[in-house]
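Okay, so here's the structure we're looking at.
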Amino acid sequence: MRLGLVIDLDTCVGCHACAISCKEWNTSGTTGSLSDQNPYEKDPTGVFFNRVRSYEIGDYPHNKTVNFPMSCMQCEDAACVTVCPTGASYKRKSDGIVLIDQDKCMGCNLCAWACPYGSRELDRESGTMKKCTLCVDRIYDESLPEIDRQPSCVMTCPSSARHFGDFDDPNSNVSKLTRERNGDGLMNELGYNPTNQYLPPRLANNITIEKKKKNIVGQVKDWANELISR
Amino acid sequence: MHPAFSIIFFTITSGLGYGLLFFSGLYVVLDRTGDISESLFSPLVVSSIIGLTLVALGLLSSILHLANPKNAWRAFLRFRSSWLSREGVFALLTFPVVFAFIYTIIATETSSVTSKTTAIILMIISLLTVYSTGMIYACLKTIRAWNSPLVPTNYVLLGLLSGALTMFAILSYYNQQSELLLTLIMGLLCLTFITKAIYYYFIGKPSELSIKTATGLSSRKVRLLHTGESSKNFLMREFGFDISVKKMLLLRFFSILLMIVVPTLCLITQSTSFHFILIAVACNFLGLLLERWLFFAEAKHVVNLYYGREA
Amino acid sequence: MTTTCPQNIELEDPLPLFEDRSNQEVKTTTCYMCACRCGIKVTLEGKKVRYIQGNRNHPVNKGVLCAKGNAGIMKHESMAKLRSPLRRKAGTERGAGEFEVISWDEALDELTTRLEKIRATDPKKLAFFSGRDQMQALTGLWAQQFGTVNWSAHGGFCSVNMAAAGLYTLGQSFWEFGDPDWDNTKYFMLWGVAEDHSSNPIKIGLSKLKKNGAKFATVNPVCTGYQAIADEWISIRPGTDGLFAIAMSRVLLENDQFDKEFLIRYTNAPHLVIQNPGQSNDGLMWRNEQGKPQAWELESETFVDASLADIKPALFGEWQTSEGFSVKTSFTLLTEGYLSDEYSLNKVSKQTGIAAEDIERHALEMAHVAFQESIEIETEWTDWTGKKHDKFIGRPVSMHAMRGIAAHSNGFQTCRAIHILQILLGAIDCPGAHLAKPPFPRMIPPPIKPAKEMAPNTPLKTPPLGFPTSPEDLCIDKDGKPLRIDKAYSWEAPIANHGLMHMVINNAVKGDPYTIDTLIFFMANMAWNSSMNPGNTQNLLREKDENGEYKIPYLVVVDAFHSETVNFGDLILPDTTYLERFDTISILDRPITEPHVIADAIRHPIVDLDRDVRPWQEVMVDLATRLKFPVFTNDDGTAKYSGYKEFITNWEKHPGIGFLAGWRGKNGEKSIVGEPNPDQWEKYIENESFFKQDIPDSQKYYRFANKEYLEFAADTHLNFNNKPIVMELYSETLQKFRLAGQGLYDGPCPSDEEDKARLKKYFTPCPSYYKPIEVALTDEEEYPFSTTTQRPMFMYHSWDSQNAWLRQIMAQNKLYMNRAKAESMAITDGDWVWVESRTGAIKAQVKLMEGCEENTVWTWNAIGKQSGAWGLKKGANESEKGFLLNHLISELLPASNTSQREMTNSDPITGQAAWYDARVKVYRADDQAPISFPQFDTIKPIPDAPDQPSVLRYKTHEPVNIVRPTRDVLTRGKKPR
């Protein structure tokens, strides 16, 4: 299995539901808590696995805004795994999820240096690196109804901009979406083979119009009436 | 990259220490010991002990950089894939090798086969460790300024240079001169200058990566609108370091001046004066501090692209 | 270690048990992080909240949840929660924050005594205004029982224009009154919406329509949020949307692409209007002896009763009558107005900033979709005449509009213009178009008149808010002076359906129209972001008379959190969070119904209360009982209800109709209509805290003319009768007021010249456009920029800077400017600038962007805070660097040439606060110090406030780490997998 996410840039409205839902699930999750510093004072900061940024393409008035959520890409050739000296950072053989064993991490930050996507953050309170776990503590949990065995961010997204599935299965929703919508990974040229795919914004279809400008002769009150019954 | 003093100190100190150890070994291999009585206070033993102490200090400093040091012992376990692991293993192995070296040069003659063997092993492990340190940075494709063979080259050369200068100072303290060592130092000074210049040229070239390639939104101009947090987060604290071009050029100038030019001048004019040699060592060390600081400060991690910054 | 792997997948790397379900409990309730009111499932662990997620079965959000809903934990953990009733210490100044903790008994005794006295002498001395929109049905009932007209909720400064325009035109409107048919629409136009209460449904809907290939066009001066995923962004000058709507309607008329059948069958387009200038009946509907409007029948060439079923009336024409005047059809008048020169495409283009060819294209694209791509849904249905149809024809063009349209002094007319556009396209309550949400559509307007008479110890005869249809309905005395403290339903704001909460403080302090004794604010931040000119508003609250008494003698603030307004209260009554109380989201109130689903919901306590606070609902029932309101008192004087729960279950508005529609009847077997069920609350809790009932297929569309639906709506009291609803293109109500302004009306007329001028100019019976009043009074050269705000998707007004997670997303708001424009003014990104209006100045930091109309600057709503409020420490970004645009806006217009009166800065028809009419100039500050201006004193913490921790490590159980076997560490090769 090769589990991962598809992010649809065509419907992401930048609402941050995914970022907060992730925070909420994971602060009591397998690598919890996700600490916050200065929560009620100047310059609050905290550990988030998912961050939503926004970009503008082009110049006014032909500009477009694109909202851009990013979390761990669960790369096939994850450099963060290669560089980790303690073996805390690893990729699961069965499903490809990249995890950080909190008991082993020594907080050297090297994996964050190796990650081009900014997926890993140091939690100052535990001294360890933390990242998206693809909600590995949800997706196999049989005490949850099957439909809820998904990452929290995918379940919560109000505009269906996030999808979860197995990229090794050509008939899965994620595989189909990637094919149909021309999805691609980010910064492929670095060679990390990211699993998460991004779907580009769609182009709208043109609507044909009919012009029937009538000769506006005389006053409106003299315009012709059609016989229409009530 | 945010320059962390503990890491800067670690790489310089351990580089210097390994340079010292390398030249200690070289001395034995090239039969340059002359008529030194092999005791605990002979120059080679002193240089070895100082070298090892510096290596240990460096290691301690690097552990300070860790957020969760209680797991530091695990760092040796991923030798197979991680350069940091490899560096750790080699650093660890350095200790028995140095003890063996010291023992052999005291217990046997410095010209004996055992001495020469341990000396060669010492030289190899010194090079390997410093090379590994450089490779920790060079293997990262995310930081263009580091992702080059020039980086481990510079690490090795600068380690050798600072070690050689320190060795020269120790020998001078013992009133010994070494023409060979002086020649080697001059050679190293030239070599480091040239490689440093090539390196600055290399990282001065514009990057092929941009916010357009990072986001894949590559058709028209792309600008950052909002990052999703209004104060600095971990990524910007770690990777969002800013340095003005003016400051950077100034520091480069001074680092080359202190690290290479001043020692060159000292050694050309006063190669026999211990005080001048000390000045050369001190200036080289200061220059190294600047050079290593710049090494971090000038390095831009590719994640900056997502923040509308350069990388 | 027990594994939790699914049995059909054998994982080679098994996982531990992560969650101890035996220590967890899942409860359902309704979210209240905003007014969307989604259904949520709350997982509790021990006493703490482990997780909040959307409820899949809930009709509103169907399982999704926005950032705010997901941050509920941190709302519950907020440092700003009030902990006990407070009283301003005797001898201290209002606003100094010197409070003492008192008991509930003391607080309520004090308040009851005071209210008793007011009620027994002069009830209007109590002003009770409700901000955040909880339970208006209950607070309104309470005010009515008390006997004071001085009540409203916040709609007057929010979006009453949008609601009123719809209710006087369609019998429904946008937002909670109606929604696009997301499933079937093929073209959707969004007007002036950044983020809206219908937050999750809009997001769900937009993704659906994009997937279906529908076109999404958006009209907004700013391109963020929803606009980001639009197919076309139409950048528009704020306040000119009416021109755009009228111009597009004009294009439809000129190109003969409008739905004539729809107009004739369902609107008053063919109704005949008297043309008798200078007389008292000029512009009124021409009625027959039975009072019915008339039309010109084309086949018989006679005047006929327009409400008859089997006629073929004319849309266009003018005819002479035997009464000495001619009559024209409404539609003729509308079209004449729209085709006049002031609405030529070139003129409209210049003022809106939208190219003329684009205006034409947008209109024709909509027409193409409406008429060439119409859809049919095969269902049998019967219209009000008894005629049977076998399908619903749909014109699949839909729209949605909100505050960007409403918050202007021309918003009412603009919103009417948008509705007219929809009507011309035939796109009302048909498949793919704009669908009403029960209890709408309703009579136009609902037959409720605002109360005018007050007497001691006597409830009002009608509710305090209502729907005037003529000058007789105004709440004025015999001299034409306003009866209400906010001057709603006076000549200044005749159709003020939601009151003018933003004027209360100013009017009470100035004693215009009179002074009051007690002002109760419920969850409204009037001393800060909900007021124009907050600095001045704070000064007004502190103002004293010549005897040294406060001009507003007694201020009661009811809130759950330590807001800037709480700091000004004399008595603070603390409320609970939404996870701690019983609550109703009732159809009688602000419903959560969907177009085809009748629904309501409750909240119930999920977590235990840990402090001395009480739900305001309970307190209101308590006060009502103490004050012996008739509805709350038995004949023998004893309390009728033991508390809120019993009140909700047993009170009936009409026989069988109560607050909650589900599980009525003795055994809970009835829906919507039924006897009170004492176990109703338990039934709701058992059923995921909501009730829903689907509308049958045959009743889903054309409900304004759908016989089955009209009868159902009348039987269940959703509507007032079962008559078909005739949409009003031409508003006779407005014409009556215009006649009064001309001095011609046969009834009350204003005497003040300013009032007359406003009625004459603004109360056009067909939609018209006029420049926003403030803009017309401003030197546009000196103040060239429009200003607007929008609410971010992750914060709800002032409520979420207290939230430790949400505030990390944005703790400082910036002033956004168009980049090219800023660069031409030598302003660079991140500069600090001065922004000046005619009444105020602020200093803020800019962010330059592309997606901003060139002559507009904007910021996010309510992020700027006063230092020390909301549980934040001094120096927080919100206060030091954040800012409010409010300081630039005044609640009063400058005195004009004709009169020296300071009129309210609001829509002259509804009194809607005209926030976005403000005009400013912007320039780079010489002093680039990174602090915003103005700065206010730091608010003192409340007496029992907890200390803010500097680190949060929230979790409800110790994490279960996944341990990687050491063997794997040692044996795994170089490649990651």
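The values are calculated or read from the model by the stated rules, or taken from the named source; none is laboratory data. These numbers come from a predicted model, not from an experiment. For neighbour counting, all protein chains shown are included, and Cβ atoms are generated from backbone atoms with ideal geometry for every residue, glycine included.
Out of the residues in the range C:922-977 that are more than 7 Å from chain A (Cβ to nearest Cβ) and among the polar types (S, T, N, Q), state the one that is surrounded by the most Cβ atoms within 10 Å (Cβ to Cβ).
So the residue we want is C:S932.
Quick test for you: out of C:I354, C:I377, pick the one residue that is under 31 Å from the mean Cα position of the chain (by Cα) and either among the aliphatic types (A, V, I, L, M) or at pLDDT 95 or above (or both).
Just a single option satisfies the conditions, and that option is C:I354.
Given A:T82, A:T128, which one is within 14 Å of chain B (Cβ to nearest Cβ) and either at pLDDT below 95 or in contact with a Gly (Cβ under 8 Å, 6 or more places away or on another chain) (or both)?
A:T128
Can you go through B:G228, B:G240, B:G308 and tell me which one is within 14 Å of chain A (Cβ to nearest Cβ) and without any contact (Cβ under 8 Å) to a residue 24 or more places away in the chain?
Result: B:G228 is the single residue among B:G228, B:G240, B:G308 that is within 14 Å of chain A (Cβ to nearest Cβ) and without any contact (Cβ under 8 Å) to a residue 24 or more places away in the chain.
Any residue at all in the range C:697-709 that's crowded, with 17+ Cβ neighbours inside 10 Å and modelled with pLDDT under 95?
Checked the range C:697-709: no residue is crowded, with 17+ Cβ neighbours inside 10 Å and modelled with pLDDT under 95.
Which one of B:K246, B:K232, B:K205, B:K212 is under 30 Å from C:M793 (Cβ atoms) and exposed (fewer than 15 other Cβ atoms within 10 Å of the Cβ)?
B:K232
Inspect all residues belonging to the range B:111-119 and state whether any of them is assigned to a loop (DSSP other than H, G, I, E, B), modelled with pLDDT of 95 or more and out of contact with any helix residue (DSSP H, G or I) (no Cβ under 6 Å at 6 or more places or on another chain).
no
Table: residues versus (1) at pLDDT below 95; (2) among the basic types (K, R); (3) buried (at least 22 other Cβ atoms within 10 Å of the Cβ).
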residue	(1), (2), (3)
C:D800	no, no, yes
C:W805	no, no, yes
C:I809	no, no, yes
C:Y816	no, no, yes
C:K821	no, yes, no
C:E836	no, no, no
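Condition first: crowded, with 19+ Cβ neighbours inside 10 Å, at pLDDT 90 or above, within 13 Å of chain A (Cβ to nearest Cβ) and touching a Gly at 6+ places or on another chain (Cβ under 7 Å). Can you find one or more residues in the range B:63-73 that meet it?
Yes, that holds for at least one residue.
Please give the number of the condition C:K312 fails out of (1) within 14 Å of chain A (Cβ to nearest Cβ); (2) farther than 28 Å from C:A214 by Cβ; (3) buried (at least 19 other Cβ atoms within 10 Å of the Cβ); (4) touching a helix residue (DSSP H, G or I) at 6+ places or on another chain (Cβ under 6 Å).
The number of the failed condition is (4).
Which residue is farthest from the other protein chains (Cβ to nearest Cβ), if the candidates are limited to the range B:127-146 and must be more than 20 Å from A:L190 (Cβ to Cβ) and either part of a strand (DSSP E or B) or not aromatic (F, W, Y) (or both)?
B:L127
Name the single residue that is nearest to the other protein chains (Cβ to nearest Cβ) among those in the range A:140-153 being of a type in the set (A, V, I, L, M, F, W, C) and not in a loop (DSSP other than H, G, I, E, B).
A:I147
Mind checking which residues of the range C:603-612 are touching a strand residue (DSSP E or B) at 6+ places or on another chain (Cβ under 7 Å) and more than 15 Å from C:E77 (Cα to Cα)?
Answer for the range C:603-612, where residues must be touching a strand residue (DSSP E or B) at 6+ places or on another chain (Cβ under 7 Å) and more than 15 Å from C:E77 (Cα to Cα): C:R603, C:H604.
Return the total of residues in the range B:57-97 being part of a helix (DSSP H, G or I) and touching a residue at least 12 places away in the same chain (Cβ under 8 Å).
21
Looking at (1) crowded, with 20+ Cβ neighbours inside 10 Å; (2) more than 15 Å from C:P574 (Cβ to Cβ), find the lone condition where C:S563 falls short.
Result: C:S563 passes all but (2).
State whether the residues of the range A:209-227 include one that is on the phi > 0 side of the Ramachandran plot and either surrounded by fewer than 21 Cβ atoms within 10 Å (Cβ to Cβ) or among the acidic types (D, E) (or both).
yes
Can you name every residue in the range A:181-211 that is within 12 Å of chain C (Cβ to nearest Cβ), touching a residue at least 24 places away in the same chain (Cβ under 8 Å) and touching a strand residue (DSSP E or B) at 6+ places or on another chain (Cβ under 7 Å)?
The answer is A:R181, A:T195, A:L199, A:P201.
Would it be correct to say that A:T65 is closer than 25 Å to C:P201 by Cβ and either more than 7 Å from chain C (Cβ to nearest Cβ) or in contact with a strand residue (DSSP E or B) (Cβ under 6 Å, 6 or more places away or on another chain) (or both)?
So A:T65 fits the description; yes.
Residue by residue, here is whether (1) aromatic (F, W, Y); (2) within 18 Å of C:S563 (Cα to Cα); (3) more than 14 Å from chain A (Cβ to nearest Cβ); (4) under 25 Å from the mean Cα position of the chain (by Cα) holds:
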residue: C:D831; (1), (2), (3), (4): no, no, yes, no
residue: C:A841; (1), (2), (3), (4): no, no, yes, no
residue: C:K865; (1), (2), (3), (4): no, yes, no, yes
residue: C:L872; (1), (2), (3), (4): no, yes, no, no
residue: C:S896; (1), (2), (3), (4): no, no, yes, no
residue: C:P908; (1), (2), (3), (4): no, no, yes, yes
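Given the residues A:D101, A:D137, A:D123, which is the only one that is acidic (D, E) and more than 7 Å from every other protein chain (Cβ to nearest Cβ)?
Residue meeting the stated conditions: A:D123.
Name the residue, out of C:K117, C:K27, that is farther than 27 Å from C:V607 by Cα and surrounded by fewer than 21 Cβ atoms within 10 Å (Cβ to Cβ).
Just one listed residue meets the conditions, C:K117.
Does C:L460 fit the bill of being at pLDDT 95 or above, in a loop (DSSP other than H, G, I, E, B), among the hydrophobic types (A, V, I, L, M, F, W, C) and in contact with a helix residue (DSSP H, G or I) (Cβ under 6 Å, 6 or more places away or on another chain)?
Spelling it out, C:L460 is indeed at pLDDT 95 or above, in a loop (DSSP other than H, G, I, E, B), among the hydrophobic types (A, V, I, L, M, F, W, C) and in contact with a helix residue (DSSP H, G or I) (Cβ under 6 Å, 6 or more places away or on another chain).
So for the range C:66-85 (the condition being surrounded by fewer than 23 Cβ atoms within 10 Å (Cβ to Cβ), away from every other protein chain (no Cβ under 13 Å) and aliphatic (A, V, I, L, M)), does at least one residue qualify?
no
As an exercise: evaluate C:A90 against (1) out of contact with any His (no Cβ under 6 Å at 6 or more places or on another chain); (2) crowded, with 16+ Cβ neighbours inside 10 Å; (3) not in a helix (DSSP H, G or I) and give the number of the one condition it does not meet.
For C:A90, the failing item is (2).
Find all pairs meeting these conditions: Cβ atoms under 8 angstrom apart; at least six residues apart or on different chains; first residue within the range B:273-285 and without any contact (Cβ under 8 Å) to a residue 12 or more places away in the chain and in a helix (DSSP H, G or I); second residue surrounded by fewer than 17 Cβ atoms within 10 Å (Cβ to Cβ) and not basic (K, R).
That search, which allows pairs on different chains as well, returns B:F276/B:T269; B:F276/B:Q270.
Determine if the range A:31-50 includes at least one residue that is touching a residue at least 24 places away in the same chain (Cβ under 8 Å), touching a Pro at 6+ places or on another chain (Cβ under 9 Å), within 7 Å of another protein chain (Cβ to nearest Cβ) and part of a loop (DSSP other than H, G, I, E, B).
Yes, the range A:31-50 has at least one match.
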